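The values are calculated or read from the model by the stated rules, or taken from the named source; none is laboratory data. Since this is a predicted model, take the numbers as computed values, not measurements. For neighbour counting, all protein chains shown are included, and Cβ atoms are generated from backbone atoms with ideal geometry for every residue, glycine included.
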């Protein structure tokens, strides 16, 4: 309804504006052309008057009658003034013989103006000089001209304009109705789709629209639906993975417990072995839960960061000191290379967890006797941490999903190493919280390189 009313009112304003402008333009143009014609005819009469030296009444060519006839054709009045400011001809004969005392006539006679025009209701008064061939002024003529013909024509045009106004109003009414229906059709469908969205239906909208703005709105809506669908699929997959990961240790413990209950006089060695396996499953369950809690904490957009200046060199050296015993068991060499001392404003706990996950993965998924190279560098704005190994590598088709929750390239090996599939998701979240970035380069069988970039100063 608002579109309909707005379009109709706008069209009415446009019609009124242009009709008024056209009428005014016609009136001004008509008056200007008529006065120019009067001025030209007065100039011709002026030449004849000069020939008879202002003896109009006694001229042999009956000049007086000609002036009377011209005044009648204009439905007006003509006054002829000689050099002494005496009125030698008045078509009304009222002021003939009198002297003209009129400021505008004085200005015309002195050559200050080439003509003077004054509008008087339905009449126009024009004063022009009488000049000879040398442009010397010898007198003046005052012509009063009726504008009634222009007024009548203007009223006729106004009547026609009103008729056209009514016709155009009807057309604009129909156009406003059609345009509002076309535009509202898409909006109504979009509104209905939003209502379905509130009920949980994630369907794209396909409508034929005739406005770029509505097309952009529809495209934005469909893009939002696609993102929501991906988010929903990710949520369902996450819930499914969480359920599976939490259920697996419980199932193993139940099998072990049932095995013990089904047997009588279980040997102490077997009892101890089964209980040891159950403890391992409990530890595994605890690790999954702890990683889930950590992921939730780092996944919040508004998670708080305890920012403070930290020596990144010392932080990495401490992390490597903790991980080296794990690497030594498999004869893996861990090397740290620092190009300069780096002090950065970070949350030490969260970034320690991120770097620790990267270095531990480089050790866990390496070959026995391999090596891990950790380097630190910085420029004026960022510091860079690179973790490189020469282990098993990551297939190209898996690299895009490596940061997803519970995603494992080699599930069997991940379970052997105690992985939960949450480490890299936690790492990425911690880095993103610091407005940083992480990149991956890997070749199967040759190794993997993770490069982390973090701002030196806290980015708000």
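Please go through the range 122-136 and pick out each residue that is outside any strand (DSSP E or B) and touching a residue at least 24 places away in the same chain (Cβ under 8 Å).
122, 132
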- Message: For the range 434-449, give me each residue that is surrounded by 21 or more Cβ atoms within 10 Å (Cβ to Cβ) and within 37 Å of the chain's Cα centre (by Cα).
- Response: 434, 436
- Report yes if some residue within the range 25-45 is in contact with a helix residue (DSSP H, G or I) (Cβ under 8 Å, 6 or more places away or on another chain) and surrounded by fewer than 14 Cβ atoms within 10 Å (Cβ to Cβ); otherwise report no. no
- Query: Which of (1) modelled with pLDDT under 80; (2) assigned to a helix (DSSP H, G or I); (3) exposed (fewer than 14 other Cβ atoms within 10 Å of the Cβ) does residue 208 not meet, given it meets every other one?
  - Reply: (2)
